[in-house]
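Chemist: Dropping the structure in here first, questions after.
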Ligand SMILES: Cc1cc2nc3c(=O)[nH]c(=O)nc-3n(C[C@H](O)[C@H](O)[C@H](O)COP(=O)(O)OP(=O)(O)OC[C@H]3O[C@@H](n4cnc5c(N)ncnc54)[C@H](O)[C@@H]3O)c2cc1C
């Protein structure tokens, strides 16, 4: 007897996109996630770019997934009520002698099927983006590129999958997988489980699980990318996502607005041994700040409000591995999902769910709910509507995060909705409380109180991000 038809290892965008697509069918699915929430791996620390699709080689899985993911993102964002904008991207060419490189990108994009690609001359670029460097010679313009909020994408996929019947087991770390005559036995720190099919969407750890069941070994290197995030006052410095063609100073870094109106600078690309090594380093941040000026002028770099790093799951063949392991039937890899993994996730979900649907001859549900409503934002309402909302529920009039203007009502919703937040970071990623200029300096004590109240726990049990990350310690209740 199986506990589940399908176990998905990993609650990042890949795992949750597969879960949501599978939830259209009558099938018993569970996501095993070692952390206390979804969106705790690479999906929480990236550029948030929905790539157009001219980077990956023609015919590669990366190129196919990128194009299809980009195409699906618009409908998905509408259905899941998450911020997405086609702001376009520019790849800058700074010297005439580098033009063959730019044309190569253009040709690859056309071969991959990217629509409306154009090479712009210097005047056209500067007219479109006046803050681009005066050194610009030409640029590749891709209007289909966009920006999305990676947290909201990941969380919304999970919420919608959950509402449609997918189970989520948090704080459940898979430690071993064994192939059985039929199906798989999974050992976790929360018990033993049997599944007919396993989807391996474990990010930088996907090689570990693949190598447990297959003789054909793969290797994933954690490739760190450091970032600086600028305050919203700098958010309109450029409108499009600005890349540079690799040139005499090596591979450039990007400058882009985020879906919430900040400006993001980065990332670096530094191979490391530690699959948990998401700390930034001084050298990494110096590299970012040293390079951004080559593409964009007058950047207000004093407006940096935080820095962070994410780990690309770089597979040695430089390709997405999205297939059933040949010598372990029923084990579906979703490995090596580095960039453009965020862009590709709708396509990855569609493809893997399609594969499993055929294999299991699954029936569609009649009652699948495709639409998910995000957290109600008083800021998005006009004066009268807001006043009416506050009269109805005064918690929407109580501002908790002053930088982002997030109310108690929004935080309560984030905690109490399906797969709601259990930690400060969970609240932050769902509401943006703590993501502003003061980086939660003012709001975290108040958010902790709301978490303790709504989750019926002692404030000393409130954590930053689950596990042992408690914020208040001590035994004297009177001082709390
Ligand atoms: C610096 C950087 C910039 C990027 N920029 C972009 C971009 O602009 N656009 C784009 O399209 N893509 C971008 N990407 C790529 C994109 O972020 C990833 O491809 C995507 O987030 C990968 O999602 P995932 O679900 O495969 O992995 P993850 O988000 O890492 O999820 C894997 C999950 O598995 C869980 N897990 C691991 N081991 C276990 C275990 N033993 N048991 C249970 N659970 C486990 C982890 O906790 C994690 O939650 C970028 C990546 C980086 C690092």
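All of the numbers you see were taken from the coordinates with simple rules; none came from a lab. A quick note: this is a predicted structure, and the numbers were derived from the prediction, not measured. Note that each Cβ is placed from the backbone with ideal geometry, even for glycine, and that neighbours are counted across all protein chains shown.
Chemist: Regarding the range 144-209, what are the three Cα extents along the principal axes, ordered largest first, in Å?
Modeler: If we take the Cα atoms of the range 144-209, the spans are 46, 28, 22 Å.
Chemist: Divide by every residue of the chain the summed helix terms, -39500 (n - 2.57) for each DSSP H run of at least 4, and state the resulting mean residue ellipticity at 222 nm, rounded to the nearest 500 deg cm²/dmol.
Modeler: Counting only the DSSP helices, I get -9000 deg cm²/dmol.
Chemist: Note the full-extension length gain between residue 318 and residue 107 as 0.36 nm times their separation in residues minus their Cα-Cα distance, in nm to one decimal.
Modeler: Separation in residues times 0.36 nm, less the Cα-Cα distance, equals 73.9 nm.
Chemist: Suppose the Debye formula is applied to equal point scatterers at every Cα of the chain; what is log10 I(q)/I(0) at q = 0.10, 0.11, 0.13 Å⁻¹?
Modeler: Calculated log10 I(q)/I(0) at the listed q: -0.77, -0.94, -1.28.
Chemist: Return the equivalent ellipsoid semi-axes of the range 243-397 as a descending list in whole Å, where each equals the square root of 5 times an eigenvalue of the C-alpha gyration tensor.
Modeler: 34, 34, 14
Chemist: When a footprinting reagent is the concern and you count Cβ atoms within 10 Å, what order do 380, 307 take, fewest first?
Modeler: In increasing order of surrounding Cβ atoms, one gets 380, 307.
Chemist: In addition: Taking the highest mean first, how do the peptides 25-32, 463-470 order by number of other beta carbon atoms within 10 angstrom per residue?
Modeler: Top of the packing list down: 25-32, 463-470.
Chemist: Separate question: Hey, how many Å between the Cα centroid of the range 253-326 and the Cα centroid of the range 145-164?
Modeler: 21
Chemist: Taking the number of other C-beta atoms within 10 Å as the exposure measure, put 210, 260 in order starting with the fewest.
Modeler: Ranking 210, 260 by Cβ neighbours within 10 Å, fewest first, gives 260, 210.
Chemist: What spacing in nm lies between the two simple spin-label points modelled at residue 274 and residue 416, each 7 Å away from Cα in the Cβ direction?
Modeler: 4.1
Chemist: A further question on this structure: Could you tell me what % of all Cα pairs in the range 378-473 have separations over 16 Å?
Modeler: 53
Chemist: Now for a different question. If R0 is 51 Å, what FRET efficiency do you get for residue 384 and residue 468 from their C-beta distance, rounded to 0.05?
Modeler: Here the calculated transfer efficiency is 0.60.
Chemist: Let me ask you something else. Find, to one decimal place in angstroms, the Kirkwood hydrodynamic radius of the range 1-151, where the mean of 1/r is taken over every pair of different Cα atoms and then inverted.
Modeler: 17.7
Chemist: Semi-axes, largest first, in whole Å: what does sqrt of 5 times each Cα gyration tensor eigenvalue give for the range 91-200?
Modeler: 49, 18, 14
Chemist: Taking the simple approach of a point 7 Å from Cα along Cα-to-Cβ for both residue 233 and residue 282, what is their distance in nm?
Modeler: It is 2.7 nm.
Chemist: Would you mind pulling out the separation of the Cα centroids of the range 173-229 and the range 65-88, in Å?
Modeler: So the separation of the two Cα centres works out to 28 Å.
Chemist: Moving on. Let's test the formula: R0 of 35 Å, r as the Cβ-Cβ distance of residue 181 and residue 217. What FRET efficiency results, to the nearest 0.05?
Modeler: Once the sixth-power term is evaluated, E becomes 0.90.
Chemist: Relative contact order for the range 378-473 using alpha-carbon pairs under 8 Å, separation at least 6, rounded to a whole percent?
Modeler: Worked out over the range 378-473, it gives 22 percent.
Chemist: Another one. With an 8 Å Cα cut-off and a minimum separation of 6 or more residues, compute the relative contact order for the range 1-123 in percent.
Modeler: 22
Chemist: Which order results if 295, 444, 214 are arranged by neighbouring Cβ count within 10 Å, fewest first?
Modeler: Arranged by neighbour count, lowest to highest, 295, 444, 214 become 214, 444, 295.
Chemist: Express the relative contact order of the chain as a whole percentage, based on alpha carbon pairs under 8 Å and six or more residues apart in sequence.
Modeler: Worked out over the chain, it gives 20 percent.
Chemist: At what distance in angstrom do the alpha carbon centres of the range 336-354 and the range 397-476 lie from each other?
Modeler: What the calculation gives is 31 Å, centre to centre.
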